[in-house]
Every structure is written in structure tokens, then in C-alpha cells.
Amino acid sequence: MASYHLSVKTIKRSAGRSATAAAAYRVGERIECQREGRVHDYTRKQGIEETFILTPKAAPDWATDRSRLWNEVEASETRRNSVTAREWELALPSEISAEDRSQITRDFAQELVSRYGVAVDVAIHAPHREGDQRNHHAHVLTSTRKLEAEGFTTKTRVLDSAKTGGFEIEQMRGHWADLQNRALERAGEAERVDHRSLEAQREAALERGDQLSAEDLDRDPELKLGPAANSMERRAKAMAERQGREYKPVTERGAVVHAARQARAAFREMRARLELARETYGIEREAGQGRVSAGLAALRAATAKDLDRDRNPDDFRERLARVVGRSRDQDDTPKPEGRNYARERLKEIVEKDAGRDGPAAVHKLDGHSDPELGESSGREDRKLSVNERLKDVLNKPREKLEIEDEREQECGDDENENTRDRDRGEGHSL
């Protein structure tokens, strides 16, 4: 399932970091930092699919040389606590092709160049071999100063300011969501990503009357694992897969994240089944089926294990026909008029009962009595059923009922008197 992720970080000297080291690590190259006199060699790094540099049109020729570019970035900053670079970390959809992932990353990087006039260095990484194989991502490293013909000039204060920085980043978040959604649409995928907060998405769902989506979005943001916990959980998953057992989180953060993901997966499955049931019911009703038959077909479709829908509506109808085939076979069979199939089915169920009242109950369903199985047959030889006793009571005259009630009351009084006598006798004998 496509998911949205865009984070913005800064490379600060005060944190002991440098732009040359960050660039060398992300692209897997060797860069010598002239300011520090250190060599950053990451040529053995694996999983790097593509790297490229984008610069403004007026940029000097040396800007395409990665080592020269980032050494110039370091040289342009003179303060000990300078922010030398900014990193945009992007999650790439696994549902689209590698070419499309490269193209939307390039489009995003080009937007940064055009909007802020900075130099952009991009590295697209493949999923980690021990992690989630859908985790395609890109690291987009930018300068914090504009790159012009004479080199790096003024700072990009629009991103640094507390008043405008948040708005600018939100605009780029929306642009990145649009790029992904257009790529997903071109690939024929139904999934879409949303850059807005969960609260904003929930309010939008309520406005359009989508209660299910609103319920799904009524949750806290997922807890961030962090590098250490993420590495431990990744190793635990790989170990569980090799041993053929169920993965169990090994950290507290991992347990929280795993439980939240399982809950979301269960909710999405329930929602998918509900949508399939609704669609099935509509198709069955359009085909001329009654409400009961359509409801049973929808129930069978919703409880089916396979919820993958075909892209072609005609193929989906064929698969749906296979799911509800038994119902259609029963309903499409020509039926003579005047037959009550519900009554006949009930008779079949009753006939399977080995109880003593089964045959009589079958004939009662038909509304007549059989000489051998009628109500008068063998009443003295068997215990009356509840229905027969109730019928006897309802058919008795009111006067007869009152007489019997008086007799029962007198018998009850005699029994109570005898009981009191016995109690007194036992008491005197002590």
C-alpha cells in the first residue's frame, strides 16, 4: 500500500556534521573535505540505484563535479555553527516502475532548483536487503545558499525563517504528493497518498460523509522507531522469516508500532469486505435477484478469503459470479408457480431431525393431518408436544379452565395442610 513520507533535516556543523561527508555517504563515493582535511570514502556502500546533480541555468561548470560542489558549499560558510546543507528524504511508491520513481524524484528536485535557486544532489536508494522490500526512497541534498554564476551567494532565508519556512515546506509536501499520485494514476493503481495531517484528513472525510475513512483516520500518528530500534526489529523480522515463525517485536517501540499496523490492516480489510458486499448487493439487484438472494450473495462475497479485485469490471463480474454461483443456480432454476420453497426447505430440515415429533411437525407445515400421523394418532402412547399442549389449553372452554383451576387449588391446599401436619408431628416427636 502506497504511503506518504517526506522529512526535512539540516546538516549542522554544531552537530559535528559536514556537507562533504553527507554527500559522500548518500551517493556512495569518495570525497576529500578540504576544510577538515579528511577523506570520506563510501565507495563500498551498496543499494544505490541512481545519482544525479541538478543546478540553476546560470550555475558555473564546476557545479556538476560533486567533490568540487560540496567543498565550495563548505567554503562559503564561515561560522562554526553554520547550517551547510539541507536534506529532503522521500519515500518512493513501490507500485510504480523504477523509471517512474526516477522521474518523479527528478521532477521534485527540479522544483527545488527553480523555486529556491539552490544546487541539488540526488541519490535514489533500493530497499535494504534485510528490511521491507517496498522501501524505495531518495535522499535529496541541497545547498542552503543560492547558486549563481559567481558561485554561492545569499542564504535561502525563506526556508530558514520561522514565519515562512513552515509554509514553504508544506507547499513542497503537497507538490510531492501530487507527483506521486499522478504516477500512481498513470500506472493504473487505485492507491493514493495524502500529505496532510491525520486530523485534516479526518475532517475532510467527515465533510464528504465518509464515516469509515474518518474512523480509520481517528488515531495517533505512528511512533517513530529510530535507527537503533529499527535495526533491531529488522533483524528480528529476518530471523523469524528464516525460522518460519511469526515475527514478534523485540523492543517496546517496535511492539507499539506493530500493534498499530496490525489494527490498521484489520480495519482496512473490514472496510474492503464491506465495500465488496455493497457492490455485490448492487450487482445482484441489477441482475433481478431479490433482496434476500442479493444479501446472501453479498455475505458470501464479503466472507471470501480473496479480496483482490480485477481491474476489468467484466472480469470482476465473472469472478463475482463464481463466488455467488450457487445462489444464482438456485435462483435461476425455473420454478412452478404456487410452490413455497421456504416451506419445503423447512420440511427438509425437520425431516432430518430424529426426534419423536419430526414427522408430525412436517405434516403440520402442510396444514393437514395424516391418518397415521395426525394429532389423534397415538396421543395416549406418547408425550404431548408443547404446541399440542398449548393448543389444548387454548381450545378449552373458559368455564372448564376455571373448574380445573379450582381443583388444582384445592389439591394444593390439601397438600399444604398435610405438610403442616407432618411438620407439627415431627416437632412433637422430638
What nm distance separates the two modelled labels at Ser114 and Ala15, each placed 7 Å from Cα along Cα→Cβ? 3.0
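Using per-residue counts of other Cβ atoms within 10 Å, averaged over each peptide, order 170-183, 243-256, 48-61 from highest down. Numbers along the way, then the final one.
Numbers: 170-183: 17.8, 243-256: 13.0, 48-61: 15.4.
Going by the mean number of other Cβ atoms within 10 Å, highest first, we get 170-183, 48-61, 243-256.
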With each label point set 7 Å from Cα along the Cα-Cβ vector, what nm distance links Leu206 and Phe267? 1.4
Once you place label points 7 Å from the Cα toward the Cβ at Asp65 and Ile48, how far apart are they in nm? 1.8
With a 1.4 Å probe and all protein chains left in place, how much of the accessible area of the range 93-177 comes from carbon and sulfur atoms, in whole percent? 46
Can you give the extra length, in nm with one decimal, that the chain gains between Ala240 and Val292 once fully stretched, where that is 0.36 nm per residue apart less the Cα-Cα distance? 14.1 nm
Calculate how large, on average over all directions, the projected area of the Cα convex hull of the range 1-151 is; give the answer in nm² to one decimal. 9.1
Taking Cα atoms only, Rg over Rh for the range 64-208 with Rh from the Kirkwood formula is 1.02
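Do you know the relative contact order of the range 14-91, to the nearest whole percent, from alpha carbon pairs under 8 angstrom that are 6+ apart? Walk me through the numbers before you get to the answer.
On the way: 77 pairs, mean separation 23.9, N = 78.
The normalised contact order for the range 14-91 reaches 31 percent.
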In Å², rounded to a whole number, the accessible area per residue of the range 1-146 with probe 1.4 Å is 49
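The values are calculated or read from the model by the stated rules, or taken from the named source; none is laboratory data. Keep in mind that this is a model prediction, so the values were computed, not measured. Because the Cβ atoms are built from the backbone with ideal geometry, glycine has one as well, and the counts that use them run over all protein chains shown. Surface areas here come from the heavy atoms of the whole protein model, side chains and all, with no ligands, DNA or RNA. Shrake-Rupley method; radii C 1.70, N 1.55, O 1.52, S 1.80 Å.
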